[in-house]
Amino acid sequence: RVIPYGIHVERYADTPELTARAAALRAGHDRPIVLFVGRLVYYKGPEVLVRAMADVDADLVVIGRGPLKPELEALAASAGIASRVTFLDPVDDDELAAWYHAADIFCLPSVARSEAYGLVQLEAHASGTPTISTTLTTSVPFVNANGVTGLTVPPGDVSALTEALRALVDDDSLRTRLGAQARE
C-alpha cells in the first residue's frame, strides 16, 4: 500500500487573521505573485524558475536559504528582474501559510530525483493555490496532477516553465479552477 504524506489542512484554512495577513503581503505587489518555498539547492531547480521569470509578468517570492542564494541573486540581477524577485529566509508556520494565500501560483521546479515528493505542494494545495511542478519520475507529479491541481512541465525546461507560468498568470479562471480543485 502507498500511504502518502499528509498535512494538517486546518493550518491553511481561511481565517480572518490569515486573510488579513495575506492581503498585507500582497499589498507590496502590483503583479501576480509566484511563490517558491524550499532549500536553495541544485535539485530544487530554483535557477530554472529565475530564468523562466525573465519572460513572465509576475513577481517571484523565494522563501528559503541555501548555497545557491548568491548565485540566484546574481542571476536575477543579470536577467534584469532583481526588482521583481524577493528572497526571504525561512518564516514561521503562520507567515508561511499567509504567503501561500498571498501567492497566485506556487512553483516547485525540481530537476533531480532527489526531490522525492514535494510536501510544499500539499501546503499550496491546502491554501487553494495552483501549483506548477515537474514531471520527475518520483511522486512529485503524483502530488500535483497536471490539469487538475496545477500544471506540470519537463524538469529543467525553462521554455516550458515560462509557458506554464504565463498560462496561469494570464488566466484568472484557470488559476481559480485549479486552486479550488487543489484545495478539494
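The values are calculated or read from the model by the stated rules, or taken from the named source; none is laboratory data. Being a predicted model, the structure only gives us computed values, none of them experimental. Heads up, the Cβs are rebuilt from the backbone with ideal geometry, glycines too, and the neighbour counts pull from every protein chain shown. Protein only, heavy atoms only, side chains kept; ligands, DNA and RNA dropped before computing areas. Shrake-Rupley method; radii C 1.70, N 1.55, O 1.52, S 1.80 Å.
For the stretch 11-154, what does the alpha-carbon gyration tensor say about shape, rounded, prolate or oblate, given a ≥ b ≥ c as the root eigenvalues, a/c under 1.5 as rounded, and a/b over b/c as prolate?
Values: a/c = 1.55, a/b = 1.07, b/c = 1.45.
Since a/c reaches 1.5 but b/c is at least a/b, the shape of the stretch 11-154 is classed as oblate.
What distance in nm lies between label points placed 7 Å from Cα along the C-beta direction at Asp170 and Val91?
2.9
Give the range of the longest stretch in the chain that excludes all trypsin sites (Lys or Arg not before Pro) found in loop regions by DSSP and having at most 15 other beta-carbon atoms within 10 Å.
In the chain, the maximal stretch lacking such sites is 114-184.
In whole percent, and with a 1.4 Å probe on the protein chains, what portion of the accessible area of the chain is carbon and sulfur? All intermediate terms of the calculation are to be shown ahead of the outcome.
Details: 4460 of 8580 Å².
It is 52 percent, rounded to a whole number.
For Ala82 and Ser114 in the same chain, what is the full-extension length gain: residue separation times 0.36 nm, less their Cα-Cα distance, in nm?
Gain on extension, Ala82 to Ser114, equals 8.7 nm.
Which shape class, rounded, prolate or oblate, goes with the stretch 1-71 when its Cα gyration tensor gives a ≥ b ≥ c as root eigenvalues, a/c under 1.5 marks rounded, and past that a/b bigger than b/c marks prolate?
oblate
Counting only other residues whose beta carbon sits under 9 Å from that of Asp94, what net charge do I get with K and R as +1, D and E as -1?
Counting the neighbours of Asp94, the net charge comes to -2.
Tally Lys/Arg at +1 and Asp/Glu at -1 over every other residue whose Cβ is under 11 Å from the Cβ of Glu115; what's the total?
+3
Nearest 0.05, what FRET efficiency do Val41 and Val9 give at R0 = 22 Å with Cβ-Cβ as r?
Plugging the Cβ-Cβ distance into 1/(1 + (r/R0)^6) gives 0.20.
Before I look further, what does the stretch 44-184 give for accessible area per residue, probe 1.4 Å, in whole square angstrom?
Solvent-accessible surface per residue comes out at 40 Å².
Provide, as a two-decimal number, the C-alpha radius of gyration of the stretch 84-172 over 2.2 N^0.38 Å, N being how many residues it has.
The stretch 84-172 yields a ratio of 1.05.
Starting from the amide H of Leu88, placed 1.01 Å from N in the peptide plane, find each other amide H under 5 Å away whose residue is 5 or more places distant or on another chain.
Val62, Ile63, Gly64
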